Structures are given as C-alpha cells and as structure tokens.
Amino acid sequence: MKRTSAIATAFFLLSLIGLTPSYAKVLPMGDEALAEVTGQAGIAISVSQLGFDIKADTVYYKDSDGIGAGSTAGFLSLCGVLLKGSADFATPMTINVVTDRDPGGAMRVTGVAMKITDMTLKIDNFYIDAIRLGSAPGIGGSLGSFGISNMVVKLTGGISITAN
C-alpha cells in the first residue's frame, strides 16, 4: 500500500508543476515564420587534444612464398605492442560536413572537410616486447625488443582534406 501512495503522490506533485501531457501543444508554423528559420546540414567536430593508448598482442607481416623455391610462408611478428601518447593541436582540429548549392539553388551535401593546423605529437611510450620470425603469427624465436620513450614531434603548417 505504501508503494501505491508514493506513486500517486509523485503523479500529483508532477501535475501541480505542469508536467502532465495535457499541457503540451504543437502549433503549425506559417510561411512567414518558416522564412526566418535557418539551419545547417550535418555536424561539426572540434578537437584540441587527442590521447591514445594502443595495445596489440601481435602485429605481423606475412610473406606467402618464403625466401625461395620450396619455402613455406613466413611471418615477421611484432609481439606485445604498446603505444601511449597524445596529439595536441595549436588550433583545434575541425571536421565539418561541407555543403553548397546546386545550380537550382537547393542545398546539397558535397563531402567532409578536415583541417589540422600546427600539431605536437607526444609519444610517452612505444614498446615492442618481442620481434619474432616464424611459421605463424607470434611464433618463433625472439630477435629482441624495441622501444621509444618521451618523443616529441612538432608539426607546423596546415592540412586540409576535403572529399567531394
């Protein structure tokens, strides 16, 4: 009985503050009101910093014919791959849907535009635990490991990619 009275009380309070469906009303807009409405097709995305933390058990290259006649396929495997860092943009990277008008004056979507200006790429840690040669991905003796720490790359200029 307590649950029923709590639900009834909640509905009563909501109706007092005007949240009941009976108060909702949609009115049609006339031509004059619609003439004042503007809009834009698509989306716009702005990114000022992008972090990454990439892990892969095995990344490999396959050589289907081996190293000569009678050889079987061989694999060069990078095992235990780790890449952590960030990309910082001096001006936020933007991705926009590009629109224009056709000869008849109608709006049409023509593509996606991406713009990047001056970026700093920071590699906190890039590490490959084992580099292996073998008959299958991740199999074979290790040739050692590889790593990069605290690497900073500053890219200047701008990149603008537009697909039409």
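The values are calculated or read from the model by the stated rules, or taken from the named source; none is laboratory data. Keep in mind that this is a model prediction, so the values were computed, not measured. Every residue, glycine as well, gets a Cβ built from its backbone with ideal geometry; the counts of neighbours run over all protein chains shown.
Okay, residues lined up against (1) under 27 Å from the mean Cα position of the chain (by Cα); (2) assigned to a strand (DSSP E or B); (3) surrounded by 13 or more Cβ atoms within 10 Å (Cβ to Cβ); (4) at pLDDT below 95:
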site: G111; (1), (2), (3), (4): yes, yes, yes, yes
site: N125; (1), (2), (3), (4): yes, yes, yes, no
site: A136; (1), (2), (3), (4): no, no, yes, yes
site: G140; (1), (2), (3), (4): no, no, yes, yes
site: G144; (1), (2), (3), (4): no, no, no, no
site: G157; (1), (2), (3), (4): yes, yes, no, yes
site: I161; (1), (2), (3), (4): yes, yes, no, yes
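Of all the listed residues (G68, G74), the sole one being modelled with pLDDT under 95 and on the phi > 0 side of the Ramachandran plot is G68.
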